[in-house]
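Enquirer: There's a structure below that I have some questions on.
FYI, it's all coordinate maths here, none of it is from the lab. Since we're looking at a predicted model, the values are computed, not measured. Here the Cβ is made from the backbone with ideal geometry for all residues, glycine too, and neighbour counts use every protein chain on show.
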Amino acid sequence: MSTSPTTPVPTASVSDTISAVSQVLLPVFGKGVIVRRPPMVRMAQKLELDRRAVRRMQQLAHTYGPGPLLLRVPLRKVGLVLEPEDVKRVLSGSPEPFAPATREKRAALSHFQPHGVLASRGAERADRRRFNEQVLGSDLAVHPRAGALLDKVVAEAEVLIDRVRETGELVWDDYAAAWMRAVRRVVLGDAARDDHAVTDLLGELRASANWAFLKPKSRQTRERFLRQLRGHLDRAEPDCLAGVTASTPTTEVTEPEQQVPQWLFAYDAAAWAGYRALALIAAHREHADRCLDELASVDLHEPHQSTGLRASVLESLRLYPTTPHILRETTIETTWATGTLPAGTTLSIFAPYFHRDDRHLPYADRFAPDVWEGRTGGRELGDLTDGWPLLPFSGGPAVCPGRNLVLLTTSAFLGVLLSRLDPRLAPEHPLHAGPPLPGTLDMFTLRFRPRR
């Protein structure tokens, strides 16, 4: 039977809405959307909350058929995307009629980057997106300043190795501190290496952003952060992203200082992905040996694409997405096979559902870096390959503009640690048990012992 253009898409029952909100939406909010809360991540791993969320999404898809599926949420229209073709439509249709700057996202980002590209629409978004793409080398496999940037990354990894030699183990706090020193040098320059204030202040603002509408903005903290940030941007060291920023054309609406916080924010998420990737490599000896063989023939100071390490980071992002909910908001009424959605509907693409759906992916719950072999675009850009989307960096016109730079620098950092330490996880760690891999992986409690 044909659907009238004015017929709304299916709406979940009250009980199914409650289960979807409690099992799919709230756990992500609880863990922290903008910055993770370690106790909640630990609880999510213990209770397998992400696996439960995938199962709930499968049940909703079975019950209601093709989506989107509206939830009975008060005051807002919220829909879940359930079908691969709809994922492709939503992502390829950004920024119009599926805007990345949803009301929820703007509320969160307004705490620290109210005029960032992710919170922008229309001509302002187009200008800021152009700026981000140019500075980050979005369309280039290797960034023009890659050599200088990798020197900074490798140097900080070497400092971390000294720390591991001293303590006898690699723990999250040491990894994260070394990574952020590298990030500050890559983004803001060598003089920012030990400027913990700039990232600590951003961390405070991001912690407030976790609460979005529910917490007042701290204008004083934000102004202190911007003063620190402006100092580095004004200095504009040539061999860092701040230097590229200074030489990239701007307009009266670009506001470069509003774009840079997103790069620091994204690189923080890259730390989660990188540390988990190291754990996955350590737990899969055959792949670790393959990466070590590859590393023996490359110079990590030189730009290169380390196939095994790059695939490991992408696989880490598939198994444990750093952005579980990819949000878009309809700017006009949209028509679907099952009905219509009104303008102003927030659509959620729940990445773990598509990455871990064992009904369609034979490798859903195992480490499968070979999925990414030889792919420089395609799947990691949100395209449909073999009929199913993988979305480590979102997709479509709003795909993460820094994806290639993140993969390059994260792989180089891991390459130093792997080649010099060949770290091993504790024998009893659940990653060693093989498939199915845990639905959640708490990076904060991962510990490694160097073999070399």
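Enquirer: Could you pull the Cα extents of the chain along its three principal axes, largest to smallest, in whole Å?
Expert: 67, 54, 37
Enquirer: Could you let me know the centre-to-centre spacing of segment 395-444 and segment 1-68, using Cα atoms, in angstrom?
Expert: For segment 395-444 versus segment 1-68, the Cα centre distance is 26 Å.
Enquirer: Hull surface divided by four, with the convex hull built on the Cα atoms of segment 205-260: how many nm²?
Expert: On the way: hull surface 19.0 nm².
That works out to 4.7 nm².
Enquirer: Something else: Amide H neighbours of Thr340 under 5 Å, at least 5 residues apart or on other chains, H built in the peptide plane: list them.
Expert: Distant-sequence amide H within range of Thr340: Thr7, Val9.
Enquirer: Follow-up question, since we're still on this one. Work out the charge dipole of the chain with +1 on the Cβ of Lys and Arg and -1 on the Cβ of Asp and Glu about the Cα centre, then indicate which of Val171, His360, Leu47 is farthest towards its positive end.
Expert: Selected residue: Leu47.
Enquirer: Compute the signed sum of charges (Lys and Arg +1, Asp and Glu -1) over the other residues within less than 11 Å, Cβ to Cβ, of Val244. Don't skip to the answer; put the middle values down first.
Expert: Numbers: positive: Arg145; negative: Glu237, Asp239.
That sum, taken over residues with Cβ under 11 Å, equals -1.
Enquirer: Here is a further query. What is the fewest-to-most order of Lys46, Lys88 by other Cβ atoms lying within 10 Å of their Cβ? Don't skip to the answer; put the middle values down first.
Expert: Values: Lys46 11, Lys88 17.
In order of increasing Cβ crowding within 10 Å: Lys46, Lys88.
Enquirer: In Å³ and rounded to a whole number, note down the convex hull volume per residue for the Cα atoms of segment 135-235. Don't skip to the end; give the middle numbers.
Expert: Values: hull volume 14.1 nm³, N = 101.
Hull volume normalised by residue count: 140 Å³.
Enquirer: Once amide H atoms are placed 1.01 Å from N in the peptide plane, what residues at a sequence separation of 5 or more from Cys240, or on another chain, have their amide H within under 5 Å of its amide H?
Expert: It is none; the list stays empty.
Enquirer: Please give the per residue volume of the convex hull enclosing the alpha carbon atoms of segment 234-295, rounded to a whole number of Å³.
Expert: So the per-residue hull volume is 122 Å³.
Enquirer: Now for a different question. Express in nm, to one decimal, how much length is gained between Ser92 and Ala191 on full extension, taking 0.36 nm for each residue of separation and deducting their alpha carbon distance. Display every interim value, and only then the final one.
Expert: Working: separation 99, 0.36 × 99 = 35.64 nm, distance 4.00 nm.
That works out to 31.6 nm of additional length.
Enquirer: Suppose R0 equals 22 Å; then what is the FRET efficiency for Ala236 and Ala177 from their Cβ-Cβ distance, rounded to the nearest 0.05?
Expert: Values: r = 25 Å, r/R0 = 1.15.
After rounding, the FRET efficiency stands at 0.30.
Enquirer: In deg cm²/dmol, rounded to 500, what helix-only [θ] at 222 nm does the chain give when every DSSP H run of at least 4 residues adds -39500 (n - 2.57) and the total is split over its residues? Show your work: numbers first, answer last.
Expert: Values: 17 runs with 222 residues, N = 452.
Per the formula, -15500 deg cm²/dmol.
Enquirer: Continuing with this model, one more query. Where nothing but the Cβ of Lys and Arg (+1) and of Asp and Glu (-1) is charged, how large is the charge dipole of segment 71-156 around its Cα centre, in debye to the nearest 20?
Expert: Working: 15 positive and 11 negative charges, 94 e Å.
The dipole of segment 71-156 has a size of about 460 debye.
Enquirer: Grab the beta carbon distance between Leu26 and Arg121, set R0 = 22 Å, and tell me the FRET efficiency rounded to 0.05. Mind dumping the intermediate values first?
Expert: Details: r = 28 Å, r/R0 = 1.25.
So, using R0 = 22 Å, E works out to roughly 0.20.
Enquirer: What helices in the chain pass both tests, a Cα length along the helix axis of 20 Å or more and a mean Kyte hydropathy of -0.5 or higher, using whole DSSP H runs?
Expert: Numbers: long enough: 49-64 (22 Å, -1.02); 122-136 (21 Å, -1.43); 146-167 (31 Å, 0.38); 172-188 (23 Å, 0.11); 219-235 (24 Å, -1.83); 256-283 (41 Å, 0.33); 403-421 (27 Å, 1.25).
What comes out of the filter, once short or polar helices are dropped, is 146-167, 172-188, 256-283, 403-421.
Enquirer: In the chain, what percentage of the DSSP-assigned beta bridges are antiparallel, given to the nearest 5?
Expert: Working: 19 of 25 bridges.
If I count the DSSP bridges inside the chain, around 75 percent turn out antiparallel.
Enquirer: Continuing with this model, one more query. Please arrange Arg447, Arg56 by counting, for each residue, the other beta carbons lying within 10 Å of its beta carbon, fewest first. List each step's numbers first, then the result.
Expert: Numbers: Arg447 13, Arg56 19.
Fewest to most other Cβ atoms nearby, the residues stand as Arg447, Arg56.
Enquirer: What distance in nm lies between label points placed 7 Å from Cα along the C-beta direction at Arg103 and Val159?
Expert: 4.5
Enquirer: Output needed for segment 393-438: three equivalent-ellipsoid semi-axes, defined as square roots of 5 times the C-alpha gyration tensor eigenvalues, in descending order, whole Å.
Expert: Working: eigenvalues 167, 73, 5 Å².
Semi-axes from the Cα gyration tensor: 29, 19, 5 Å.
Enquirer: Just to check, using Stokes-Einstein with a Kirkwood Rh over alpha carbon pairs, what's the diffusion coefficient of segment 167-309 at 4 °C and 1.567 mPa s in µm²/s? Provide the component values of the computation, followed by the final result.
Expert: Working: Rh = 17.5 Å.
D, rounded to a whole number, is 74 µm²/s.
Enquirer: Among the lysines, which have Cα under 20 Å from the Cα of Lys105 when same-chain residues fewer than 8 positions away are ignored?
Expert: Hits, sequence-local ones excluded: Lys31, Lys77, Lys215, Lys217.
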